[in-house]
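Submitted below is the structure of interest, expressed as C-alpha cells.
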Amino acid sequence: MVPPTWNERERVEEYAALMEQGTVPTAVAISTLDVCQPAVDRGDYYFAHWGLTHFLLDGHHKLEAAATAGRPVRLLSLLALGESLAEAEDTARLPALRTRPRRARGIGW
C-alpha cells in the first residue's frame, strides 16, 4: 500500500460511491508464498509458518475506499512461483487451502 496521502481523493470517493451501490472492484497483486519450518517443534512433528504476501500493483484507491467504507474488494493475485520460499507441493496445495474457512486453515494443514 502507499500512504493514503498519495491517493487522489476524488478517485477514492468515486470507488467508495460505486461500492455503496454494490460494486466489488478488483485489485491486482504479485504474491509470494513462504513456507518456513520448524515454526514449533513438538518432538515428533513440526508446525510450519505459511506466509502468503501480496504486493499491490494496482488498486491502491480501491483498497483505501474499501477500508474506509467497510466494503469488500476482490484480489487478483499472481503467485510468483520462482521467487517464493515454498516447494512445488506447497504451492499446488494453496488453491484448496484458500477455499477452507479461516478457522480451518491452521493446525492440520
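The values are calculated or read from the model by the stated rules, or taken from the named source; none is laboratory data. These figures come from a predicted structure and were not determined experimentally. Cβ: placed from backbone, ideal geometry, glycine included. Neighbour counts: every protein chain shown.
When you check residue 106 against the structure, is it modelled with pLDDT under 85 and out of contact with any strand residue (DSSP E or B) (no Cβ under 8 Å at 6 or more places or on another chain), yes or no?
yes
Pairs under 7 Å by beta carbon, first residue free of Cβ contacts under 8 Å to residues at least 24 places away in the same chain in the range 66-87, partner surrounded by 14 or more Cβ atoms within 10 Å (Cβ to Cβ) and among the polar types (S, T, N, Q), six or more apart or different chains?
81/91
What number of residues within the range 23-34 are buried (at least 17 other Cβ atoms within 10 Å of the Cβ) and either more than 13 Å from the chain's Cα centre (by Cα) or assigned to a helix (DSSP H, G or I) (or both)?
1
What are the pairs with Cβ atoms under 7 angstrom where one residue, in the range 1-29, is more than 16 Å from residue 57 (Cα to Cα) and the other, located anywhere, is among the aliphatic types (A, V, I, L, M) and exposed (fewer than 12 other Cβ atoms within 10 Å of the Cβ)? Sequence gap at least six, or different chains.
Sorted first by the residue in the range 1-29, then by its partner, the list stays empty.
Give the range 50-87 a look and list any residue that's closer than 10 Å to residue 16 by Cα and of a type outside the set (A, V, I, L, M, F, W, C), or say none.
Residues satisfying the conditions are 61, 62, 64, 68, 70, 71.
Among (1) at pLDDT below 80; (2) touching a helix residue (DSSP H, G or I) at 6+ places or on another chain (Cβ under 9 Å), where does residue 47 come up short?
(2)
Please tell me if residue 20 is under 17 Å from the mean Cα position of the chain (by Cα) and of a type in the set (Asp, Glu).
The answer is no for residue 20.
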